[in-house]
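Participant: Please find one structure pasted underneath; my questions will follow.
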Amino acid sequence: MPDRDAIYQSTLVVVAEIADMSADEIQATDKLRDDLGLDSLQEMEIMSRLSEEYDIEPEMKDVMNVRTVADVADFLVTYLKD
Amino acid sequence: MANAPDPFSTILAQAEKVGPALTRFARDAGEAEMVGIVLRSVSDWAAKRIDAPAIDESHRIPPELLAEAAELGLFGMTIPEAHGGFALSMTAACRVVEELALFDRSVATAIGLHCGLGLRGLIHHANPTLQAATLPAMATGDKIGAFAATEPGAGSHIAGMKTTGKVQEDGSIVLNGQKIYVTNGGFADYYTVVAKTPGLAGARRGWSLFLLHRDDPGLSVGAEEHKLGIRGSSTTTLSLDDVRVGMDRIIGEPSNGLEAFHEILAWGRTMMAAGCLGSARAAYKLTLGQVTSREQFNRPIGHFGQVREKMADMRATIYAMESLVRLVTVCQEHLGMDINFVSSVAKIFNSEGSWQVADDALQLHGGSGYVEETGVARILRDARITRIFEGANEVLRFNLAALALGGVNEAHEVALLAPCVRHPELAAAAAVHDDAAQRIQDAAKALLDRYGFKAFERQMLLKGIADAQIARTLLLAVVLRTDAELRAGEGVVAAQALRLTRYLAGKCQRAIDAGLAATLRAEEEDLVTAITACEYDQVD
């Protein structure tokens, strides 16, 4: 299983690409909507790309609870550990 | 990603208040009396002074016409009395914009944009000093407002915006960027501009709304765009090249402007939906004259079944459009609700409704409809943009479906209309709504069960959910309104309202069935994906 840092880094890359920003502009505590200005479609795109990368199938209720960049990475860490 | 409260539950919980409010074109009886006088003045002035073909042909609204509109107080409709305006409610302001659109969509767009997107931020989010400095002149029409959000690389997606305001050592902010499709851009004095503001007010990042003035050094307005319709309205680019402003030019909270931005957009969508209603009424009015006067085989063409079908459909569509605009304003003014959902439904339905009504109008005019002189072609051209601006309907449909999918996990009981309806002849229409409520929830759950969160990628299937939600919302609005109309009295108007509602119930039933059937057509979506992938691969 990839370690937490690797998961966080790949999350950052995907979020940066969807938000059209450079990765060093983004912090773990950034809220996807309020800080990065993303909408629901862009949030889903992030989760879609990461779930393909890690070959996982999260449920909607898990995805709905994600608010920050760290939440995305934490969700992946927990999912992959379980 | 949490959802807002279910709008249907909120509305139906207060159905006793909503129904009667839907029967009015103003906030209350007192305002209705005043708005009635305003409407007569607007109508008399517009009939005498607005030369719609000339505006269309010259691609401009004569400045003296705008000055006359200002004399009538139209630019100050929504501005508080303390700043020289008339403080009309959202319901009443929409009714006036609708009336203007009946005569000319370019004029309605210019005034509606000023009163809507151009002023909403200033009135509801700006500091008192900025309000005092700007609103009195905007109320008299001496100064005109515009709103600049769209950029070459970003439509309504705020994350993609490049326009940036950078904080300077002296506390001022320097703005750089490019905005496109700025309505009123050519003659506006004040522009509400959205920009990224990294580092502003201690926030690492954020978005802020700025009020810029046409004379601000570094601000330049581009040439007029040549458009298919609403040709008299001004549409330009706006370039910001080191435009320096103080913090006092920020509307709302620095770096925390997203909420205000979305609230302003919802208001703008509602005004636009009201303009669509006026446009549809204009097409219908022309067509009513046509089908009752033009004869074939010694009888008016309006007596033929297929013509009657189109006329009834146009009239019912107009009733639905009117009910939806009122539903939005009632939700905001009487229930204090977030209007994102209902304003999106009204924008989608009314833009498509105005297009359909204009198209049917042209058809019923025969060859003469295709000739510019009858005015129907101009209405059709004017109507086309409304499916695109203020959020393309495809994007808004996705958002509606996303809300429905998000609501599945909240496991709330579906809100029922039938218990709120008293008139027995509306029971069947209410039952269509209530049946749809459960079926839409079931269809959304089925999509989630089948695709997980990747249901969001099945946009063709999701469109069906959105279509069903639109039809359900429409039924909610018309049934509550008609029930209240019937309670108030059983005259000719109420009897016709009942017929229109029964007709719309049948139409909505078919739209709901079609929408929910579309959620099952995964194979067709896969086929569409394969077809387009093959085509795209062949592009050099």
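The values are calculated or read from the model by the stated rules, or taken from the named source; none is laboratory data. The model shown is predicted, which means the values in this text are computed figures rather than measured ones. Neighbour counts run over all protein chains shown; Cβ positions are idealised from the backbone, glycine included. With ligands, DNA and RNA removed, areas are computed over all heavy atoms of the protein, side chains included. Shrake-Rupley method; radii C 1.70, N 1.55, O 1.52, S 1.80 Å.
Participant: Quick check: with the 1.4 Å probe, what order do B:Cys534, B:Cys115 take by accessible area, largest first?
Facilitator: B:Cys534, B:Cys115
Participant: Further, regarding this structure: Work out the mean other chain Cβ neighbour count within 10 Å for the residues of B:391-404 and drop it here as an integer.
Facilitator: Rounded to a whole number, the mean comes out at 1.
Participant: With solvent modelled as a 1.4 Å probe, how much accessible area in total do chains B and A shield from it at their shared surface, in Å² to the nearest 100?
Facilitator: Approximately 2400 Å², summed over both chains.
Participant: Let me ask another. Say R0 is 22 Å: what FRET efficiency, to the nearest 0.05, do B:Val493 and B:Glu33 get from their beta-carbon distance?
Facilitator: Efficiency, rounded to the nearest 0.05: 0.75.
Participant: While we're here: How long, wide and thick is chain B, going by the Cα atoms along their three principal axes, in whole angstroms, largest first?
Facilitator: 71, 59, 56
Participant: Given the rule -39500 (n - 2.57) for each run of at least 4 DSSP H residues, summed and divided by the residues of chain B, what is its mean residue ellipticity at 222 nm, to the nearest 500 deg cm²/dmol?
Facilitator: -19500 deg cm²/dmol
Participant: Take the alpha-carbon centre of region B:76-91, take the same for region B:187-232, and report the distance between them in whole Å.
Facilitator: With region B:76-91 and region B:187-232 each reduced to a Cα centre, they are spaced 24 Å.
Participant: What fraction, in whole percent, of alpha-carbon pairs in region B:146-255 exceed 17 Å separation?
Facilitator: I get 50 percent for the Cα pairs in region B:146-255 exceeding 17 Å.
Participant: Which distance in Å, rounded to a whole number, links the C-alpha centroids of region A:1-77 and region B:276-337?
Facilitator: Taking the Cα centre of region B:276-337 as reference, the centre of region A:1-77 is 48 Å away.
Participant: In terms of the ratio Rg/(2.2 N^0.38 Å) built on C-alpha atoms, what value belongs to the protein assembly as shown?
Facilitator: 0.99
Participant: Give, as a single signed number, the net charge of other residues whose beta carbon lies under 12 Å from the beta carbon of B:Lys310, with Lys and Arg counted +1 and Asp and Glu -1.
Facilitator: -2
Participant: Hey, what's region B:20-142 come to in accessible area per residue, 1.4 Å probe, Å²?
Facilitator: Per residue, region B:20-142 has an accessible area of 38 Å².
Participant: Quick check: the distance between the Cα centres of region B:389-457 and region B:341-379, to the nearest angstrom?
Facilitator: 28 Å
Participant: Step by step: find N for region B:228-339, compute 2.2 N^0.38 Å, then divide the Cα radius of gyration by it. What's the final number?
Facilitator: 1.67
Participant: Would you please state the base-10 log of I(q)/I(0) at q = 0.09, 0.10, 0.19 1/Å for region B:347-473, with intensities from the Debye formula using one equal scatterer on every alpha carbon?
Facilitator: -0.39, -0.47, -1.00
Participant: Using a 7 Å offset from the Cα along the Cα-to-Cβ direction at both B:Ala427 and B:Ala47, what is the distance between the two label points in nm, to one decimal?
Facilitator: Here the modelled spin labels are 4.5 nm apart.
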